[in-house]
Amino acid sequence: MANSKYEYVKGFELEDEVMFPSFILVSINACKLPKPYDVNFLNLMNSCAVAVLEEFADVVLAYGFSDEYTFVFKKSTKFYERRASKVLSIISSFFSSVFVRKWREFFPQKELHSPPSFHGQVVPCASIDALQAYLLWRQNICHLKNQYDQCFWRLVERGMNEKEAQEFMDGAKKRDLNDILFDEFNVNYNTLDPIFRQGSCILKTMVGAVVKYTETGAPVKRQRREIITVHSKKIASPRFWNEHSILLKELGVFVEEINNVKPEYVRSFEFDSKLMPSTWVVVRIDGCHFHRFSEIHEFAKPNDDRALNLMNSCAVAVLEEFRQDIVFAYGVSDEYSFILKNSTDLYGRRASKIVSAIVSFFTSTYVMRWKDFFPQSELNYPPSFDARAVCYPSAEILLDYLSWRQVDCHINNQYNTCFWKLVASGKSKKEAQRSLKGAQLQKKIEELSIDYNKLPVMFRLGSSVFWDRLDNVLIHQENGESSENYGKVIVKHIDIIESAFWLEHPGILYGKAYNLGKATILQA
């Protein structure tokens, strides 16, 4: 990133490393739940989990049921320096990306109408015993939740609305759910598919594979890793663990059989800090390995307006989805910063849920809208983004943060414009880098005869996304009248460092007048 006087804002970023030797678990849940005992949906979730294990070598085990999945990293992992926000955001982003790409495979006759999203959290387990307790807890929840859901949704299918089904289930609390299934629907719970009753465990294992044949025709086998999906009754048992050598090697040994665990004990592992109240929250997302992604998908250099407009379209969708909380966004290249108002209580201000929900929604939107901007190009593999949340205590510091990002946009664009002009002239990439090392970019632009001010303004200033309030209307509610602003989300390529923009759009930062030194701006 470029140097500027605004760089001090980086000091507000806090590290959230999960200290070794704790195990790192990432738990994600779908934000919008389809009917839970649709086997196609469960198989789609399983397929996405398999893709995670294929993509990330450090993930050795996954367990899922209904709309949730937990991923277990090997004990020695150094994945993204064990930073919780990075680990969580990458897994949830990649999972949602794969979910969209695989949707047609499992629902060929059904359109995916809205981008899916997954919120989640990192769960550190300090010992192998804690990991065992966590897995037992989740499988117990699988069993209880599935019993309830099997009854509930069958009641709905029989003709009850969801409220009536809920009331029936509440009134039947003292009855055994297995009895309800049998009495009401003639269903023996124990004959239901294990994918519903026991969930899905996905893990890496060693199998013997034929790699060649000898001159006499005898097969020569070598051990190689393979990802398998099983529906085991007790994944937290020593017996299950001992059957899979990779689990023993990468995670450790379950010594004793356990049958019960207190939920409050396991919940105490959760790594879910709340963001400081009354502060502005910035969720910044960045493309993972987008240099490679842009090369494989042949993005124009130094800037591809199709790729930038796709990013902008996704940012618009995020503001529309989180309309009560996100008031502004700024993007450049493969990065976007989303500003949540300082009064937000989204997910109880739990950082992990905010970050994972936003980054996964952005990612799935990116995949769904790819063809709108690249109609002639196939999306060759699932893109993903990492993200983090940072709190800023005042509007002044928040605006300095945005100024930092726009200065960074300007300097990086100058560099990239010069770099690719040199490459186009015949220099190698290494020669172009050497030519620009320590150079004054403005002088270099003149030497290369680049009319920088005629470059598209989006390249030079980035993209600002915000609500353009159109009018003020009265909404009649049961308890009286309330006033609410309606408008649309727009994208502008403008200077947000100077005060003019903020004076023209005071509604972005609601509240009383506040002197920033450079202008009088409104602060929430």
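The values are calculated or read from the model by the stated rules, or taken from the named source; none is laboratory data. Since the structure is predicted, the reported quantities are computational estimates derived from the model, not experimental observations. Using ideal geometry, Cβ is built from the backbone for each residue, glycine included, and neighbour counts are taken over all protein chains shown. Surface accessibility is based on the protein's heavy atoms, side chains included, excluding ligands, DNA and RNA. Shrake-Rupley method; radii C 1.70, N 1.55, O 1.52, S 1.80 Å.
In nm, give the distance between the simple-model label positions of Glu320 and Lys5, each being 7 Å from the Cα along the Cα-to-Cβ direction.
Calculated label separation equals 4.0 nm.
Give me the accessible area of Leu448, 1.4 Å probe, in Å² rounded to the nearest 10.
Looks like 40 Å² after rounding.
With every protein chain left in place, what is the accessible area of Glu378 in Å² (1.4 Å probe, nearest 10)?
For Glu378, solvent-accessible area is about 120 Å².
Evaluate segment 15-173: find the radius of gyration of its Cα atoms, find its Kirkwood radius, and give the ratio Rg to Rh. Don't jump to the answer; show the numbers that get you there.
Numbers: Rg = 17.5 Å, Rh = 17.1 Å.
Taking Rg over the Kirkwood Rh, I get 1.02.
When the solvent-accessible surface of protein heavy atoms is calculated with a 1.4 angstrom probe, in what order do His410, His289, His244 fall, highest first? Write out the running numbers ahead of the final one.
Numbers: His410 70, His289 130, His244 20 Å².
Largest accessible area first, the residues go His289, His410, His244.
Give a residue-ordered list of calculated ³J(HN,Hα) values for segment 322-329 (Karplus: 6.51 cos²θ - 1.76 cosθ + 1.60, θ = phi - 60°; whole Hz; x for Gly, Pro).
Running phi through 6.51 cos²θ - 1.76 cosθ + 1.60 with θ = phi - 60° gives 10, 5, 7, 10, 9, 10, 6, 8 Hz.
Per residue, how many Å² of accessible area does the chain show with a 1.4 Å probe? Mind showing how you got there, number by number?
Details: 25500 Å² over 524 residues.
The answer is 49 Å² per residue.
Could you work out how much longer the chain between Phe20 and Phe182 gets when fully extended? Use 0.36 nm per residue separation minus the Cα distance between them, nm to one decimal.
Values: separation 162, 0.36 × 162 = 58.32 nm, distance 4.86 nm.
Extending this stretch completely gives an extra 53.5 nm.
On a 1.4 Å probe surface of the protein chains, which of Trp467, Trp241 comes out largest in accessible area, and what is the full order? Numbers along the way, then the final one.
Working: Trp467 30, Trp241 0 Å².
Highest to lowest solvent-accessible surface, that is Trp467, Trp241.
Do any GluC sites (Glu not before Pro) in segment 211-307 lie in a loop, going by DSSP, with at most 10 other beta-carbon atoms within 10 Å of their beta carbon, and if so which? Walk me through the numbers on the way to the answer.
Values: sites: Glu215, Glu226, Glu243, Glu250, Glu256, Glu257, Glu264, Glu270, Glu295, Glu298; in loops: Glu215, Glu243, Glu256, Glu257, Glu270, Glu298.
Answer in residue order: Glu215, Glu256, Glu298.
Test of understanding: what is the full-extension gain from Ala500 to Asp305, defined as 0.36 nm times their sequence separation minus their Cα-Cα distance? All intermediate terms of the calculation are to be shown ahead of the outcome.
On the way: separation 195, 0.36 × 195 = 70.20 nm, distance 2.63 nm.
Computed gain between Ala500 and Asp305 is 67.6 nm.
Estimate the FRET efficiency between Asn412 and Arg225 by the formula 1/(1 + (r/R0)^6), using the beta-carbon distance for r and 30 Å for R0, to the nearest 0.05. Present the calculation step by step, with values, prior to reporting the outcome.
Working: r = 40 Å, r/R0 = 1.33.
That gives a FRET efficiency of 0.15.
So what's the Cα pair-distance distribution over segment 285-443, bin width 5 Å, in %?
With a bin width of 5 Å, the distribution comes to 1, 8, 15, 19, 17, 15, 11, 8, 4, 1, 0.
Once amide H atoms are built 1.01 Å from N in the peptide plane, which residues 5 or more positions from Ser117, or in another chain, come under 5 Å H to H?
For Ser117, whose amide H was placed from the backbone, the distant partners under 5 Å are Cys31, Lys32.
³J(HN,Hα) across segment 242-256 via Karplus (A = 6.51, B = -1.76, C = 1.60, θ = phi - 60°), whole Hz, x for Gly/Pro?
The phi angles translate into 5, 6, 10, 4, 5, 4, 5, 6, 8, 10, x, 10, 7, 7, 10 Hz.
With Rg and Dmax of the Cα atoms in Å in mind, check (i) 25.4, 86; (ii) 22.9, 79; (iii) 26.4, 89 and report the label derived from this structure.
(iii)
Would you pull out the residues with amide H under 5 Å of Asp67's amide H, same chain only if 5 or more places away, H placed 1.01 Å from N?
none
Would you mind working out the magnitude of the charge dipole of segment 234-360 relative to its Cα centre, with +1 at each Lys and Arg C-beta and -1 at each Asp and Glu C-beta, to the nearest 20 Debye? Could the numbers behind the result be given before it?
Details: 15 positive and 18 negative charges, 75 e Å.
Using Cβ point charges on Lys, Arg, Asp and Glu, segment 234-360 gives about 360 debye.
Do any of Lys163/Lys353; Lys301/Lys437; Lys75/Lys102; Lys173/Lys234 go past 21 Å between their Cα atoms, and which?
Lys163/Lys353; Lys75/Lys102; Lys173/Lys234
By a straight-distance test (C-alpha under 25 Å), which lysines pair with Lys212 as possible cross-link partners, with residues fewer than eight away in the same chain excluded?
The reachable lysines, counting only those whose Cα sits under 25 Å from Lys212, are Lys204, Lys221.
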